[in-house]
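The values are calculated or read from the model by the stated rules, or taken from the named source; none is laboratory data. Note that the structure is predicted; figures quoted are calculated from it, not measured. Neighbour counts are summed over all protein chains in view; Cβ atoms, including those assigned to glycine, are modelled from backbone coordinates with ideal geometry.
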Amino acid sequence: MRILLDTSAYSEFMRGNPEVRDILQLADLVCLNPVILGELKSGFLRGRRRKENERLLAQFRESPRVALVPIDEETSDRYAVIRNSLRDAGTPIPTSDIWIAATAMQHGLVVVTTDPHFQKSSQILVELIPAL
């Protein structure tokens, strides 16, 4: 299984959520994109454990099964399709999550998340996990 680990799922993993841990153990490839990194780093800046969180993220990214996938022109094409589909259905989701969905669509990744609004996008596969 190849996954795109949403910000919420990474946070749950760091809280010790056993469902996220199990998914990560089974995954052949765990991907992040620049939007997810930006959301995580933004949270770190606002928190009291910034250095520790940055260290843990760097350690997580050192795994050979973890990859950073880019956002490029093809991603923007997928973004447009998903955004218009959601708009036509009257089911908008946050813009940053459309970029995450577009990345998953482009690379054939399953989005692992605690955010149910990802399920509104018919173009992607979602593994919804309950938050602790």
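In segment 27-42, which residues are within 15 Å of residue 113 (Cβ to Cβ) and either assigned to a strand (DSSP E or B) or touching a Pro at 6+ places or on another chain (Cβ under 8 Å) (or both)? Steps first, answer last, please.
Of segment 27-42, the ones within 15 Å of residue 113 (Cβ to Cβ) are 27, 30-33, 35-36, 39-40.
Result: 30, 31, 32, 33.
Condition test on residue 38, is it modelled with pLDDT under 95, surrounded by fewer than 15 Cβ atoms within 10 Å (Cβ to Cβ) and among the small types (Gly, Ala, Ser)?
no
How many of the residues making up segment 77-127 are in contact with an Asp or Glu (Cβ under 7 Å, 6 or more places away or on another chain) and of a type in the set (Phe, Trp, Tyr)?
So the answer is 1.
Please tell me if residue 24 is free of Cβ contacts under 8 Å to residues at least 40 places away in the same chain, part of a helix (DSSP H, G or I) and under 21 Å from residue 103 (Cβ atoms).
yes
How many of the residues in segment 21-56 are over 12 Å from the mean Cα position of the chain (by Cα) and β-branched (Val, Ile, Thr)?
Number of matching residues: 1.
Of these, 56, 45, 4, which one is part of a helix (DSSP H, G or I) and in contact (Cβ under 8 Å) with a residue 12 or more places away in the chain?
On inspection, the qualifying residue turns out to be 56.
Please determine, by comparing only the residues of segment 93-107 that are touching a strand residue (DSSP E or B) at 6+ places or on another chain (Cβ under 8 Å) and among the small types (Gly, Ala, Ser), which one is nearest to residue 82 (Cα to Cα).
It comes out as 101.
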